[in-house]
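Let me begin by presenting the structure, written as structure tokens, before commenting on it.
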Amino acid sequence: MYIPAHFDEPDSAVLHGMIAAHPFGVLVTHGADGLDANHLPFHLDPAQGRLGTLHAHVARANPLWRQLADGDAVLAVFSAGDAYVSPSWYPSKHEAHRQVPTWNYMVAHAHGRVVVRDDERYVRGVVARLTRTHEAGEEAPWKMTDAPADFTDTLLKAIVGIEIEITRLEGKRKLSQNKEVRDIRGAGQTLLARGHSAVGEAMLGEADRKEQ
């Protein structure tokens, strides 16, 4: 990924936060049939390994897990928000007209080595952790034990676990940091007003930091 210095996010804690908040990622692999991309929910364990470990599962019917060998290099891509930015939202545009449209976004790329985990205990743990995380905000959180045991056991046999030890973590937060503070703030406020809260709030945060 091309990352100009002013858009670089090198802090692994920030990138872990982005992944945890936006865990539905794209797993990019290169197997015998060439490049493939699968869209999966991941659970991140930031304390497992030097840069953390990702856990996921795929349907047994998905050929992905059969095309991978333990230790293969893979890439998981996580998007934390994106939005079109009009030059009209920059105050300086109305003075000098030296602005053009752009697209702002926040992404984390987790490079790693994959291990296929075709065992019931592992996939049960992955499903349990994903469930606890994403049911936490419900009034009556669903639990695996809410379903009949034989029904759950049958479904678990139909999935295969994927474990990825992260070996390189890189991030890009393109939030108009190369613009004047007033331009960052102007565009951020417009995005916020139009419902693009993730990018809008992040841009306002960048404007605040540049003013300090």
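The values are calculated or read from the model by the stated rules, or taken from the named source; none is laboratory data. Since we're looking at a predicted model, the values are computed, not measured. Note: ideal-geometry Cβ built from the backbone for every residue, glycine included; neighbour counts use all protein chains shown. What goes into the accessible areas is simple: the full protein's heavy atoms, side chains included, and nothing from ligands, DNA or RNA. Shrake-Rupley method; radii C 1.70, N 1.55, O 1.52, S 1.80 Å.
Things to note:
- Residues satisfying the stated conditions in the range 8-34, i.e. open to solvent by 50 Å² or more (accessible area, probe 1.4 Å) and either touching a helix residue (DSSP H, G or I) at 6+ places or on another chain (Cβ under 8 Å) or farther than 25 Å from residue 178 by Cα (or both): 20, 21, 22, 24, 30, 32, 33
- The listed residue being touching an Asp or Glu at 6+ places or on another chain (Cβ under 7 Å) and modelled with pLDDT of 95 or more, out of 18, 1: 1
- Candidates 85, 100, filtered to the one that is open to solvent by 40 Å² or more (accessible area, probe 1.4 Å), of a type in the set (Val, Ile, Thr) and more than 27 Å from residue 13 (Cα to Cα): 100
- Qualifying positions in the range 153-212 - basic (Lys, Arg), within 25 Å of the chain's Cα centre (by Cα) and within 30 Å of residue 53 (Cα to Cα): 168, 172, 173, 174
- Restricting the range 185-212 to residues that are part of a loop (DSSP other than H, G, I, E, B) and out of contact with any strand residue (DSSP E or B) (no Cβ under 9 Å at 6 or more places or on another chain) leaves a set whose member that is modelled with the highest pLDDT is 195.
- Candidates are the residues of the range 35-62 that are under 19 Å from residue 119 (Cβ atoms) and assigned to a loop (DSSP other than H, G, I, E, B); the one that is most open to solvent (accessible area, probe 1.4 Å) is 61.
- Of the candidates 121, 132, 168, 98, the single residue that is free of Cβ contacts under 8 Å to residues at least 12 places away in the same chain, outside any helix (DSSP H, G or I) and not acidic (Asp, Glu) is 98.
- Selection count, the range 182-198, where residues are open to solvent by less than 10 Å² (accessible area, probe 1.4 Å) and of a type outside the set (Gly, Ala, Ser): 3
- Residue 145 being in a strand (DSSP E or B) and open to solvent by 30 Å² or more (accessible area, probe 1.4 Å): no
- Residue tally, condition among the basic types (Lys, Arg) and either in contact with a Lys or Arg (Cβ under 8 Å, 6 or more places away or on another chain) or open to solvent by 80 Å² or more (accessible area, probe 1.4 Å) (or both), over the range 104-123: 2
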